[in-house]
Structure formats: structure tokens, C-alpha cells
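Have a look at the structure below before the remarks.
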Amino acid sequence: MSENLASSKQTKKRNNTRIYLIVTSILFGILILPSLPMIMMSPMMFDSPGSEDSTPTIILVLSLVAYPVVTVFGIVVGWILFAKQKHFLSIIFATLPLLNILVGILSVIYMAVFCNGNFDC
């Protein structure tokens, strides 16, 4: 009886992790498409004099440029870890692009609050 209970918990955990990986893979994969035009236009953030030395601008550009790489890496490693039965680590790697998005948003907020919306802070 306890074997069946442990097996059903393991199956439920595996199914929940699979659903999470599918949703995050689709969501973050789709978000790569709108990031591509932003990546193309990101060198224009350095047009303003002094913006090439601005830390928040550099962080924003790096988070934009790294997003597709981080997303593909997170999705692939997440599914590999899922196949190896490491469910918690697979969830962490699948959520890695969210950290990238958060860093970009925080750099925009920093520029809006402390730099008056300018890229040359």
C-alpha cells in the first residue's frame, strides 16, 4: 500500500514538473520573437553622449542580448534534468529566463527613477 502511495506521489510530482516545463518552454520561447527587434535596436541606446559609460544602460543591453541564449540554455538544460529525474533543478533552469527579464525591467526602472528616463546616467 505504501509503495503505491509513494509511486503515485512520484508520478504526480513528475506530471506537475512536466506541465511546468511545457508552459515555461512555450512562454519563454515565444518571448524570444519580440526580443529580436529590441536586440536589433539596442545599439541605439548608446547614441546619447555619455551613455556608453552608463551602467544601467549596459546592463539593459546585456540582458536584452543574452535573453535568447539564456532561454534556449534554460529550456534545454531543464528538459535534460527532467529526464534525469532532477525535478527541482529542472524547474530552476526552466525559470532562468525570468531572472533575465527581471534584470532588464529593474534597469529600466532605475533609469526612469534616478536618470530621469535618460540613457546617459
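The values are calculated or read from the model by the stated rules, or taken from the named source; none is laboratory data. Everything numeric in this text was worked out from a predicted model, so none of it was measured. Counting neighbours? That spans all protein chains shown, and the Cβs are built from the backbone with ideal geometry, glycine included. We work out accessible area using only protein heavy atoms, side chains counted, and drop any ligands, DNA or RNA first. Shrake-Rupley method; radii C 1.70, N 1.55, O 1.52, S 1.80 Å.
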Picking from Ile75, Ile59, which residue would you name as being farther than 14 Å from Ser107 by Cα, in contact (Cβ under 8 Å) with a residue 40 or more places away in the chain and surrounded by 15 or more Cβ atoms within 10 Å (Cβ to Cβ)?
Ile75
Meets criteria (among the charged types (D, E, K, R), without any contact (Cβ under 8 Å) to a residue 40 or more places away in the chain and out of contact with any Leu (no Cβ under 7 Å at 6 or more places or on another chain)) for Lys84
yes
Which pairs do you get when a residue that is open to solvent by 70 Å² or more (accessible area, probe 1.4 Å), found in region 26-42, comes within reach of a residue that is assigned to a helix (DSSP H, G or I) and of a type outside the set (S, T, N, Q), reach meaning Cβ atoms under 8 angstrom, with the pair 6+ apart or on two chains?
Leu36/Pro68; Met38/Leu64
Pick out the one residue from Ile26, Ile30, Ile59, Ile19 that is among the β-branched types (Val, Ile, Thr) and more than 17 Å from the chain's Cα centre (by Cα).
Ile19
